[in-house]
């Protein structure tokens, strides 16, 4: 697909939508995005996605220079939709984000088409549920949040011995390279294990996986 065709596709949807290239820069931004975020296309296009979206979830900042979406897209790994709290023209609001991988003519890296669906009411109901769980069980709010977000408590049995070991090393500050060197395995193998860990813990970033594992006392 040509980039101009991709722009027209984005402009033709009534949902807020934008496109991020392989370097994390915004290359398309439709009018519903302007209405939601209060940022014009002229200001958004050419800027890094994280500098405009500033997304966070229950475990903290998601939009960073270690964006898990960019990492997944660069490997052509599809992503499940996920929730982010973003600064909008009307204040902070929870939205559900879907990401589509798009191959663009003349680009070495795939582009990421983001479709945003405001879901503030649903997310606020989740927060009410979290507060109810905390009040009735005495669980820390962070642990209750992780349980609700993942659909239930993570269990140590969900992770293989190797995945648990890699997760512990990530929590200690290990990088893909250092973990690969220490365990005498390839970086690709480490990254594959990390993807399995993220999926099993229903996490979008390594930091979120570490936090959820800590809340569930897996590490």
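Rule-based calculations on the coordinates, nothing more; no lab input. Everything numeric here is computed off the predicted structure, so don't read it as measured data. Every residue, glycine as well, gets a Cβ built from its backbone with ideal geometry; the counts of neighbours run over all protein chains shown.
Pull out a ≥ b ≥ c, the square roots of the eigenvalues of the alpha-carbon gyration tensor of the range 154-219, then state rounded if a/c is under 1.5, prolate if not and a/b is larger than b/c, and oblate in the remaining case. Don't skip to the answer; put the middle values down first.
Numbers: a/c = 1.71, a/b = 1.64, b/c = 1.05.
Cα axes put the range 154-219 in the prolate bin.
For 45, 52, 73, what's the fewest-to-most ordering of other Cβ within 10 Å of each Cβ? Don't skip to the end; give the middle numbers.
Numbers: 45 16, 52 21, 73 25.
In increasing order of surrounding Cβ atoms, one gets 45, 52, 73.
Modelled label positions at residue 199 and residue 100, each set 7 Å beyond Cα in the direction of Cβ, lie 2.3 nm from each other. Per-residue Cβ neighbour counts within 10 Å put 37, 18 in the sequence 37, 18, beginning with the fewest. With the simple model of a label 7 Å out from the Cα in the direction of the Cβ, residue 191 to residue 135 spans 4.7 nm. Computed from the C-beta positions of residue 181 and residue 81 and an R0 of 41 Å, the FRET efficiency is 0.70 to the nearest 0.05. Treating r as the C-beta distance of residue 11 and residue 89 and R0 as 30 Å, the FRET efficiency rounds to 0.95. Estimated at 0.36 nm per residue, the fully extended path between residue 4 and residue 40 surpasses their Cα-Cα distance by 11.1 nm.
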